[in-house]
Ligand SMILES: *Cc1c(COP(=O)(O)O)cnc(C)c1O
């Protein structure tokens, strides 16, 4: 397969046209409480209200809607235990494409049920003895499936960039934008939009402190690999950035910051209590890091990407009670 070129803002704008008919128009919310506390103006782009509960629908839909007739007939395969799996399963269902999702056999039952509910075929593997990439490659070869990875793919990146595009389209230029960071699909797409639509805006990727491989990679100038980090931010438990995502991130990002699980929990409580919203731990990374700036936020216009809202409800109850 030909290697696709690194995406640009043009790809984000084209992705937006392509996927717009399928998207939920997610709201940009404000909070008087946080504005009063910080002296800044905050704008929250609420992708927890996106279809399937996270921004990942954008990239998946953009990737799958560019399949050729033959790719559509044969189907798509991906490996993920999280939101990307559901995004691929839902997009495939909407487009009439067969979807195969490779999940660890000990993945949360709710996630497996949700993925199957969208009509996906789930194949399980033992995460301690088998490599999911190998299983994916083998299936792709044997059955002619197209493999769509969760972040290191130009179509995925372009699709994820449409959330920040919508934010700038709605509220104009910003001084600072905070974006949760796992493998970097969301951040790199957001960077393309920011560079095109608000070039003076400082943009920060935010990782869980236990999994700061992106921050280390930026400091060292090369992709750093780590063991799967222990954190409640399960959407950002990635072990390394991708080749495409790192290339864009190192070029445009202002910095990569971190947040602790404790900060994520208090941010989750803030969203629940003050904004009446369920936000999953990973979705809390952006605001948690913004709050670290204290007085430096005064008078600034701040964008916060809330990346998703999929959290086990019993677990969520325990987080709120802490
Ligand atoms: C996947 C995911 C992220 C991280 O996105 P990347 O593109 O991997 O950086 C952040 N938040 C949520 C809710 C996610 O599902």
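The values are calculated or read from the model by the stated rules, or taken from the named source; none is laboratory data. This one's a predicted model, so the numbers in the text were calculated from it and none came from an experiment. Positions of Cβ are backbone-derived with ideal geometry, glycine not excepted, and every protein chain shown enters the neighbour counts.
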Expected single match for buried (at least 17 other Cβ atoms within 10 Å of the Cβ) and more than 16 Å from the ligand (Cβ to nearest atom) among 264, 320, 287, 297 is 297
Log entry, pairs with first residue in region 180-209 being at positive phi, second being near the ligand (Cβ under 8 Å from one of its atoms) and not in a loop (DSSP other than H, G, I, E, B), beta carbons closer than 7 Å, six or more apart or on different chains, reads 184/245
Next on the checklist: One residue is enough: does region 207-216 have a residue meeting the conditions over 26 Å from residue 61 (Cβ atoms), part of a helix (DSSP H, G or I), out of contact with any strand residue (DSSP E or B) (no Cβ under 8 Å at 6 or more places or on another chain) and within 14 Å of the ligand (Cβ to nearest atom)?
Outcome noted: yes
Subset of region 76-109, residues surrounded by fewer than 24 Cβ atoms within 10 Å (Cβ to Cβ), part of a helix (DSSP H, G or I) and either within 13 Å of the ligand (Cβ to nearest atom) or at pLDDT below 95 (or both), comes to 109
Of those in region 224-256 that are farther than 20 Å from residue 59 by Cβ and within 14 Å of the ligand (Cβ to nearest atom), the residue surrounded by the most Cβ atoms within 10 Å (Cβ to Cβ) is 256
Sole miss for residue 161 among (1) under 30 Å from residue 70 (Cα atoms); (2) in a helix (DSSP H, G or I); (3) touching a strand residue (DSSP E or B) at 6+ places or on another chain (Cβ under 8 Å) is condition (3)
Looking only at region 49-57, decide whether some residue is surrounded by fewer than 19 Cβ atoms within 10 Å (Cβ to Cβ), modelled with pLDDT of 95 or more and not in a helix (DSSP H, G or I). no
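Could you look through region 120-136, keep only residues that are assigned to a loop (DSSP other than H, G, I, E, B) and touching a strand residue (DSSP E or B) at 6+ places or on another chain (Cβ under 7 Å), and pick out the one that is modelled with the lowest pLDDT? Show your work before the answer.
Start the filter on region 120-136 by keeping residues that are assigned to a loop (DSSP other than H, G, I, E, B), which leaves 120, 126-131.
Now drop any that are not touching a strand residue (DSSP E or B) at 6+ places or on another chain (Cβ under 7 Å), which leaves 120, 127.
Details: 120: 89, 127: 77.
Going through the qualifying residues, I end up with 127.
Tell me the residue from 282, 238, 267, 245 that is without any contact (Cβ under 8 Å) to a residue 40 or more places away in the chain and not in a strand (DSSP E or B), please.
Only one candidate qualifies: 267.
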Residue 272 vs (1) surrounded by 20 or more Cβ atoms within 10 Å (Cβ to Cβ); (2) assigned to a helix (DSSP H, G or I): all pass except (1)
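Taking region 27-48 only, how many residues are in contact with a strand residue (DSSP E or B) (Cβ under 9 Å, 6 or more places away or on another chain), under 20 Å from residue 288 (Cβ atoms) and in a loop (DSSP other than H, G, I, E, B)?
3
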Looking across region 183-206 at residues that are within 14 Å of the ligand (Cβ to nearest atom) and in a loop (DSSP other than H, G, I, E, B), the single one that is surrounded by the most Cβ atoms within 10 Å (Cβ to Cβ) is 184
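Could you list all residues from region 45-60 that are more than 14 Å from residue 190 (Cβ to Cβ) and more than 10 Å from the chain's Cα centre (by Cα)?
Within region 45-60, 46, 48, 49, 50, 51, 52, 53, 60 meet the criteria.
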When region 24-60 is checked residue by residue, the ones that are without any contact (Cβ under 8 Å) to a residue 60 or more places away in the chain and more than 28 Å from residue 85 (Cα to Cα) are 30, 32, 35, 36, 37
Pairing a residue in region 146-172 that is farther than 22 Å from residue 77 by Cα and in contact (Cβ under 8 Å) with a residue 40 or more places away in the chain with any residue that is within 15 Å of the ligand (Cβ to nearest atom) and part of a loop (DSSP other than H, G, I, E, B), where Cβ atoms lie under 7 Å and the two sit 6 or more apart in sequence or on different chains, gives 163/55
